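The values are calculated or read from the model by the stated rules, or taken from the named source; none is laboratory data. For clarity, every value in this text was computed on a predicted model and none was experimentally measured. Cβ atoms come from the backbone with ideal geometry, glycine included; neighbour counts cover every protein chain shown. Heads up: the accessible areas ignore ligands, DNA and RNA and are worked out on the full protein's heavy atoms, side chains in. Shrake-Rupley method; radii C 1.70, N 1.55, O 1.52, S 1.80 Å.
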Amino acid sequence: MAKKLIVGNWKMYNNTQKASLLLHSLSEKVETHRDIEVVLCPNTLALQSLSLQVNRRQFKLGAQNCYWRDEGAFTGEVSATMLRGIADYVIVGHSERRHVFREAERDIRQKVQAVIRNGMQAILCVGETARERSDGETAEVVRDQLVSGLANITSEEVASVSIAYEPVWAIGTGSVPTPADIRAVEKVLRKEISVLYGKKAAEEIRILYGGSVNAENTTELLSVKGVDGLLVGGASLKADEFAAIIEQAFAVTKKDANK
Ligand code: 13P
């Protein structure tokens with residue numbers, strides 16, 4: 001069984017000093033479990049200093065974005081090459097990148113490729129807007145985003161990708177899809193992976209859920225069949241709550257192991 005993956009996306013919160021204090025607090029509160037991988041994604045500036053502070057046996061580090069060219073005249077950007085050795089994971093195509101910054105599918109697929117080329121793991125985010133959901137387009141939207149995001153990725157490389165299903169309408173709103181809705185999307189994603197890369201890749205790829213995850217709903221969300229982890233926003237900024245999420249993830253893993 002693959003390790004459960006719990007990712008904290010700190011978004012544009014916490015300057016370098018506060019990020020360091022949060023890591024300190026998390027390192028005291030979060031228990032290390034063999035079957036759970038915990039990834040912290042601070043802002044890019046804090047990433048460098050946290051990489052010197054972090055105990056990598058306890059936490060992995062992730063970036064929230066990167067640019068796909070290795071270097072060049074791209075003012076304001078940080079490349080995957082520059083993140084190499086500092087981050088283990090890079091989130092690509094987060095809904096805020098897609099919708100606030102109008103990131104194009106073409107860039108997203110180049111970014112996934114750049115992350116893997118530079119030896120890191122990509123977390124490719126997909127998810128429908130409220131409008132697409134009410135129009136009954138969820139399956140089509142996530143399938144298109146998946147196919148497009150993986151367009152440059154070979155069957156060997158896909159082992160370095162995890163998919164995060166984050167419905168746009170569930171992010172920061174307190175609304176969460178039903179377990180049946182999440183399961184339906186998980187099936188769509190695995191089916192498409194199977195078409196593209198075969199059955200084994202479809203079974204092995206890690207699919208995460210994200211959007212208003214908290215300590216109260218973690219058990220239910222992680223109990224959805226086929227959900228291998230969580231992408232946590234707001235609740236990952238509170239050390240006690242994030243630690244509680246990890247403990248519940250551990251309890252779910254133990255229950256799964258005893259089945
Ligand atoms: P919230 O958990 O704050 O809803 O954010 C989810 C998210 O976007 C994580 O990437």
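Looking only at region 123-145, residues that are surrounded by fewer than 20 Cβ atoms within 10 Å (Cβ to Cβ) and within 23 Å of LEU5 (Cα to Cα) come to 1 in all.
The condition of being more than 16 Å from the ligand (Cβ to nearest atom), touching a strand residue (DSSP E or B) at 6+ places or on another chain (Cβ under 8 Å) and open to solvent by 10 Å² or more (accessible area, probe 1.4 Å) holds for only one of GLU77, GLU105, that being GLU77.
Filtered by the rule that a residue be touching a strand residue (DSSP E or B) at 6+ places or on another chain (Cβ under 8 Å) and surrounded by 15 or more Cβ atoms within 10 Å (Cβ to Cβ), region 1-34 gives LYS3, LYS4, LEU5, ILE6, VAL7, GLY8, ASN9, TRP10, LEU23, LEU26, VAL30.
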